[in-house]
Amino acid sequence: MENYENAAQDYKSGMKYKDIAKKYGTTINTVKSWRKRYGWSREEGAPKTKKGCTQKRKKGAPDGKEVHRQTEGPVHEEAAADDGTRATLKNGGLTAEQQMFCIYYSRTFNATQSYINAYGCKYSTALTNGPALLGNTRIKNEIERLKEIKRQQIVAGTEDIVELQMRIAFSDIGNYLSFNREDVRVMGPFGPIKDPETGEYITKEVNVVKLSDSEMVDTQIIQEVKQGRDGVSIKLADKQKAFDWLEKFFEMNPDDRHRKEFDKRKLELELMKLEMQTKDRAEEQNEQDNFMDALNESAKEVWKDD
């Protein structure tokens, strides 16, 4: 069994973090990380600990590098299982802290902050030791492995990016909110106001905007939602930028499977615009015709009077 599996049994039996860390030759920080990552649970948790950091030279450290052992520190975030980090956590050539440093660095490319997250030390300590760890051959190789996986995921995710841009470009604000006019009671300093003659509440017509439930809409393309003095407002991702991105993408990738759908939906939008313009012109012409009819009728009356 792996250390974390044995440690899980100790945790469930009531053993404290520091005792588990001592038993398996690791840090309290790592034990806490195991607890969160693998969902350990028990009726009573271990007592709270203070943050701190001690530095020791560990015998048999990889490549002769100095390894800093954390006595207490922040809980690590759960590492994703599909981005290569599961293999990192099983890399026996690295200490638990070095494993976490590799994971953090592959995500942020910030050696100092990654060292702080992995070891729980002060900024001044991490400022020196973080960049120094990048010189460790095993750490460097592990980081390169994680970066390569990330690069492959980015290439494989091109289709997802296109679909996202398509959703933004053809998004409909009507899916996210509804707006109309409603009668509401007129409020006074002591509550709703009643008509002194009829005894009924006085009402007025106001504009009303209602947002759709977040569970029912594509929240990925919402850029901003805010409640202000003038009511609630919502802002979607920039549709024009999405259109521009898609146009350039399809110029370079004319055979992309999304191209046909994009052209179809773009044509539908153009037809809608044309219909609206035609309707506006027709209404404008109708108003002009009505004006001329009224003018002619007026002229007839004038000539009749003469």
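The values are calculated or read from the model by the stated rules, or taken from the named source; none is laboratory data. No experiment lies behind these values; they were computed from the predicted model shown. With ideal geometry, Cβ positions are generated from the backbone for all residues, glycine too; neighbour counts draw on all protein chains shown. What goes into the accessible areas is simple: the full protein's heavy atoms, side chains included, and nothing from ligands, DNA or RNA. Shrake-Rupley method; radii C 1.70, N 1.55, O 1.52, S 1.80 Å.
So how do 108-117, 159-168 stack up, highest first, on mean other-Cβ count within 10 Å?
So the peptides 108-117, 159-168, ranked by packing, come out 108-117, 159-168.
Shape call for region 139-186 from the C-alpha gyration tensor, a ≥ b ≥ c root eigenvalues: rounded (a/c under 1.5), prolate (a/b greater than b/c) or oblate? Taking the square roots of the gyration eigenvalues as a ≥ b ≥ c, region 139-186 is oblate. Here the label points at residue 257 and residue 234, each 7 Å from Cα along the C-beta direction, are separated by 3.0 nm in the simple model. Packing, as the average of other Cβ atoms within 10 Å across residues, places the peptides 27-37, 274-284, 243-253 in the order 27-37, 243-253, 274-284, highest first.
Using a cutoff of 8 angstrom between alpha carbon atoms and counting only pairs six or more residues apart, the relative contact order for region 172-283 works out to 17 percent. Seen through its C-alpha gyration tensor, with square-root eigenvalues sorted a ≥ b ≥ c, region 232-278 comes out oblate because a/c lies at 1.5 or above while a/b is not bigger than b/c. Accessible surface ranking for 218, 183, 1.4 angstrom probe, highest first: 183, 218. An oblate overall shape is assigned to region 126-281, the ratio a/c of its alpha-carbon gyration tensor axes (a ≥ b ≥ c) being 1.5 or greater and a/b not exceeding b/c.
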